[in-house]
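Visitor: Have a look at this one.
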Amino acid sequence: CHLIHYLRLSHHLIVLNYLICTFDKLKSVSSEDITITDAVFDGVEVRVFEPPAKRDEGLKRSVVYIHGGGWALASARTSLYNNLCRIMAESLNAVVVSVEYRLVPEVCFPEQFHDALRATKHFLQPDVLAEYSVDPSRIAISGDSAGGNLAAAVCQQLSKDEHLIIRPKLQALIYPVLQAFDFNTPSYQQNMNMPVLPRYVMINYWIDYFNGNYDFAHSLLINNHTALDVGQALSFRGRLNWTSLLPSSFKKNYKPVIQTTGKAEIIQEIPALLDVRAVPLLAENETLQLQPKTYILTCENDVLRDDGVMYAKRLENAGVEVTLDHFDDCFHGCMIFTIWPTDFSAGIQTRNSYIKWLDENL
């Protein structure tokens, strides 16, 4: 993929996603248990999973789900996410709306955020909910990895929309990526070379999402973009102080990496690094106080572990009821790996715990 990119034949992410979808594409296949249809919500493609109506049954609960993949890969239509959403719909007897937002490099930030927000707001309209027989008071917004990022950002935006009549009851974030301020949190240091999502890969996802310059990658890795002399970053530093937000069992003996002098031009060229629509962990306390009851799943063997744990702590400090569901023996992305030949016990374990929480709280 990178050779094709180097030869200027195509962007490597386009090639990689083409390969993923070619081998994994799944048609809209309905069954007697779940009806699967593709629709368009305010210009955004979605896939809707509907359980059959039962006699004398009331309105159903619902989950808006946003898939992961570094804002650049995967699809609501691939078998991994299709299977997850189908099982959610069956297990919860809920209408699941899986958002097919546009990907890098076709579009970059903030378009993925706008797609997810538009699709969610469209679904939250009373007439649309009535069409799908959904209870307006029992809706969750959820996502994994980059989808967890979008879910958190959308939830924050919805909470500030004074004109919104219906709001999500819950948010459920699966190993979400929530900040690009500090790439040397203990989990980033501990898991820097961990397979599936090494630190340099996550940094490249951020650069691609922001349509930034790869030349900045090393400076980002050593936190030059948030050095003490970078004035734009100073006001955010207190919102992401992992020495106070993480438990000692996670901090271990790791030390903060704070540069005295850095490169202010990085923030000037990529201001989205400090945009809360892209980095929800940097939101102000007034916004966090408005968030709904929250579930956050984290894995020990994941550079993003501390993103989720810090967000849980900040939400808790803001008075939000939070469940932090941490798995010591699991890895980033594991929850979608439940189909042969990648049917891992870690996937079954995390998926069951996530669905159980939704079932008990939605």
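Visitor: Rounded to the nearest 0.05, what FRET efficiency is calculated for residue 40 and residue 329 with R0 set to 56 Å and r the Cβ-Cβ distance?
Guide: On the way: r = 41 Å, r/R0 = 0.73.
With R0 = 56 Å, the Cβ-Cβ based efficiency is 0.85.
Visitor: For residue 214 and residue 234, calculate 0.36 nm times their separation in residues minus their Cα-Cα distance, and state this gained length in nm to one decimal. Numbers along the way, then the final one.
Guide: Working: separation 20, 0.36 × 20 = 7.20 nm, distance 2.41 nm.
Residue separation times 0.36 nm, minus the Cα-Cα distance, leaves 4.8 nm.
Visitor: Which lysines, on any chain, are close to residue 169 with Cα under 18 Å apart, when same-chain ones fewer than 8 places away are left out?
Guide: Here the lysines satisfying the reach criterion relative to residue 169 are 60, 121, 160, 293, 356.
Visitor: Order the following by accessible area, largest value first: 307, 161, 343. Probe radius 1.4 Å; ligands, DNA and RNA are ignored.
Guide: Per-residue accessible area, sorted high to low, gives 343, 161, 307.
Visitor: Right, something else. Counting only other residues whose beta carbon sits under 15 Å from that of residue 41, what net charge do I get with K and R as +1, D and E as -1?
Guide: Working: positive: 47, 102, 118, 121; negative: 38, 42, 45, 50, 100, 115, 127, 131.
Local net charge: -4.
Visitor: Something else now. Over the chain, average the accessible area per residue using a 1.4 Å probe and give it in Å², no decimals.
Guide: 42 Å²
Visitor: Can you tell me the FRET efficiency between residue 135 and residue 344 if r is taken as the Cβ-Cβ distance and R0 is 41 Å, rounded to the nearest 0.05?
Guide: So, using R0 = 41 Å, E works out to roughly 0.75.
Visitor: So, with +1 on the Cβ of K and R and -1 on the Cβ of D and E, and no other charges, what is the size of the charge dipole of the chain about its Cα centre, to the nearest 20 debye?
Guide: Charge dipole, the chain, about its Cα centre: 400 debye, nearest 20.
Visitor: I've got another one for you. In the stretch 123-241, what percent of the accessible surface is made up of carbon and sulfur (1.4 Å probe, ligands and nucleic acids excluded)?
Guide: The nonpolar share, carbon plus sulfur, comes to 51 percent.
Visitor: Determine the percent antiparallel among the DSSP beta bridges restricted to the chain, to the nearest 5.
Guide: Close to 30 percent.
Visitor: Same structure, new question: Pulled fully out, how much extra length does the chain show between residue 164 and residue 261, if you take 0.36 nm times their separation in residues and subtract their Cα-Cα distance? Let's see the in-between values first.
Guide: Values: separation 97, 0.36 × 97 = 34.92 nm, distance 4.37 nm.
Net length gain for the segment: 30.5 nm.
Visitor: If each of residue 285 and residue 59 carries a label point 7 Å out from its Cα toward its Cβ, how far apart are those two points in nm?
Guide: My value for the distance between the label points is 3.5 nm.
Visitor: Roll a 1.4 Å probe over the protein heavy atoms and report the accessible area of residue 328 in Å², nearest 10.
Guide: 110 Å²
Visitor: Evaluate the distance, in nm, between pseudo-label points positioned 7 Å from the Cα of residue 300 and of residue 317 along their respective Cα→Cβ axes.
Guide: 2.6 nm
Visitor: So, one more: How high is the relative contact order of the chain? Use alpha-carbon pairs under 8 Å, at least six apart in sequence, and give a whole percent.
Guide: Here the relative contact order equals 16 percent.
Visitor: For the full complex of protein chains and a 1.4 angstrom probe, list 55, 167, 199 by accessible area with the highest value first. Kindly include the intermediate steps, with their values, before the conclusion.
Guide: Values: 55 215, 167 90, 199 20 Å².
Largest accessible area first, the list is 55, 167, 199.
Visitor: Helix-derived [θ] at 222 nm for the chain: sum -39500 (n - 2.57) over DSSP H runs of at least 4, divide by residue count, nearest 500?
Guide: Mean residue ellipticity, 222 nm, calculated: -10500 deg cm²/dmol.
Visitor: Please work out the Cα center distance from the stretch 280-310 to the stretch 195-265, rounded to the nearest Å.
Guide: So the separation of the two Cα centres works out to 16 Å.
Visitor: Residues with beta-carbon under 13 Å from that of residue 361, excluding residue 361: net charge, scoring Lys, Arg +1 and Asp, Glu -1?
Guide: For residues surrounding residue 361, the net value is +1.
Visitor: Ordered by residue, what ³J(HN,Hα) values in Hz, to whole numbers, does the stretch 180-196 give under the Karplus form 6.51 cos²θ - 1.76 cosθ + 1.60, where θ = phi - 60° and Gly and Pro are x?
Guide: Per residue, the Karplus-derived 3J(HN,Hα) values read 10, 8, 9, 9, 10, 5, x, 6, 5, 6, 5, 10, 4, 10, 5, x, 6 Hz.
Visitor: According to a simple spin-label model (label point 7 Å from Cα along Cα-to-Cβ), what is the distance in nm between residue 353 and residue 243?
Guide: Label-label distance for residue 243 and residue 353, simple model: 3.0 nm.
Visitor: Taking R0 as 22 Å, what's the FRET efficiency between residue 253 and residue 200 from their Cβ-Cβ distance, rounded to 0.05?
Guide: Efficiency, rounded to the nearest 0.05: 0.45.
Visitor: Might you work out the accessible area of residue 359 for me, using a 1.4 Å probe with all protein chains in place, and round it to the nearest 10 Å²?
Guide: The accessible area comes out at roughly 70 Å².
Visitor: Here's a follow-up. On a C-alpha basis, how far is the centre of the stretch 32-105 from the centre of the stretch 125-186 in Å? Whole number, if you could?
Guide: Each part reduced to its Cα centre gives a spacing of 14 Å.
The values are calculated or read from the model by the stated rules, or taken from the named source; none is laboratory data. Here the structure is a predicted model, which means the values were calculated and not measured. Positions of Cβ are backbone-derived with ideal geometry, glycine not excepted, and every protein chain shown enters the neighbour counts. These accessible areas exclude ligands, DNA and RNA; they are computed on the full protein's heavy atoms, side chains included. Shrake-Rupley method; radii C 1.70, N 1.55, O 1.52, S 1.80 Å.
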